[in-house]
1. Identify, from the list Ala15, Ala25, Ala33, the residue that is more than 12 Å from the ligand (Cβ to nearest atom), among the small types (Gly, Ala, Ser) and in a loop (DSSP other than H, G, I, E, B).
2. If the Cβ limit is 9 Å and pairs must be 6+ apart or interchain, which residue in region 1-19 that is of a type in the set (Ser, Thr, Tyr) pairs with which residue that is assigned to a loop (DSSP other than H, G, I, E, B) and more than 7 Å from the ligand (Cβ to nearest atom)?
3. How many of the residues in region 134-173 are assigned to a helix (DSSP H, G or I) and closer than 21 Å to Arg220 by Cα?
4. Identify all residues within region 80-110 that are within 15 Å of the ligand (Cβ to nearest atom) and part of a helix (DSSP H, G or I); write none if there are none.
5. Which is part of a strand (DSSP E or B), closer than 30 Å to Ile214 by Cα, more than 8 Å from the ligand (Cβ to nearest atom) and open to solvent by less than 30 Å² (accessible area, probe 1.4 Å), of Ala77, Ala62?
6. Might you check whether a residue that is assigned to a helix (DSSP H, G or I), closer than 29 Å to Ala51 by Cα, open to solvent by less than 50 Å² (accessible area, probe 1.4 Å) and not β-branched (Val, Ile, Thr) occurs anywhere in region 177-186?
7. Pull out all pairs, ordered by first then second residue, where Cβ-Cβ is under 7 Å, the residues are six or more apart or on different chains, the first lies in region 155-169 and is on the phi > 0 side of the Ramachandran plot, and the second is within 13 Å of the ligand (Cβ to nearest atom) and part of a loop (DSSP other than H, G, I, E, B).
8. Test Ala141 against the criterion of being farther than 19 Å from His16 by Cα and of a type in the set (A, V, I, L, M, F, W, C), and give yes or no.
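The values are calculated or read from the model by the stated rules, or taken from the named source; none is laboratory data. Predicted, not measured: the structure shown is a model, and the values here were computed from it. Neighbour counts are summed over all protein chains in view; Cβ atoms, including those assigned to glycine, are modelled from backbone coordinates with ideal geometry. In case anyone asks, the SASA skips ligands and DNA or RNA and just uses the protein heavy atoms, side chains included. Shrake-Rupley method; radii C 1.70, N 1.55, O 1.52, S 1.80 Å.
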Amino acid sequence: MNYHDALAAVGAGSAHPGGFAGTRAWMQKVHIAPGATVLEVGCGTGRTACAISAAYNAKVIAVDIHPQMIAKAKVRAQTLNLPVTFMTIDRGPLPFDAETMDAVIAESVTVFNDAPPLLREYHRVLRPGGFVIDIEMSAAAKLPDDVMQTFRETYGAVAVPTLQQWKRHYADAQFTGVRLLLSGPVPTSAPREDESDAYGLVTGEAYAPDVWRIMQENERVMATHAKWLHYGVIQAYKQLPQ
Ligand SMILES: C[S@@+](CC[C@H](N)C(=O)[O-])C[C@H]1O[C@@H](n2cnc3c(N)ncnc32)[C@H](O)[C@@H]1O
């Protein structure tokens, strides 16, 4: 069992820096037109996908490589009666045609992948004028090897770039207008949001000893290494709108 299995088991709805409050904060800064097509990559149990569908009346397609996340996301959308399309996908090229999306959302997803090819996929599927919103964990400064090793082992993070390096990755993937909507140290005192029960997403496996061990290890690592952990909400365009 790994960190993402544990998140799926507890039905976590906002497993990204800043939690759902962070999602609300970027949503207040971003305009998505009614009827726009929005792809969320790494949607987890679908809380943000459902919020986007409801708030913007957008056509939302949300994908994840974790089947249990997608199963729980479908339960959430059914409970809320929202028309979000959820799909389990394989890691790698996104299974969508080029220039079919108005926005791509990724909340704490890219960091678990080799970033450059995944950012090129975000770019490929976007229509010209479309944009990415990406909440990413970032390093306050270049991480010592032992700290990076801890993040690799605890979370499966591939690399933890600084915010400057994230922006560079976006520029290298041909994005333009790359900017930070929000940034700062990862909030460690955010209130816990135990909303999963309301949708029946906390199922029996949430109480397995391995799940508790992994969630406790997450809290220990976050507390121990808080000084290294920043985050940013990046917005980046495929061609700036005129
Ligand atoms: C830390 S969780 C965040 C989930 C959700 N975005 C949230 O904020 O609650 C990362 C999620 O990204 C998914 N993921 C990682 N790499 C992915 C990829 N290349 N394509 C699709 N999903 C991916 C994982 O399975 C996991 O559900």
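1. The conditions single out Ala33.
2. Matching pairs, first to second residue: Tyr3/Gly156; Ser14/Glu193; Ser14/Glu195.
3. 11
4. Result: Thr110, single match.
5. Unique residue meeting the criteria: Ala62.
6. No, every residue in region 177-186 fails to be assigned to a helix (DSSP H, G or I), closer than 29 Å to Ala51 by Cα, open to solvent by less than 50 Å² (accessible area, probe 1.4 Å) and not β-branched (Val, Ile, Thr).
7. Pairs found: Gly156/Asn2.
8. Taking the combined requirement at face value, the residue satisfies it.
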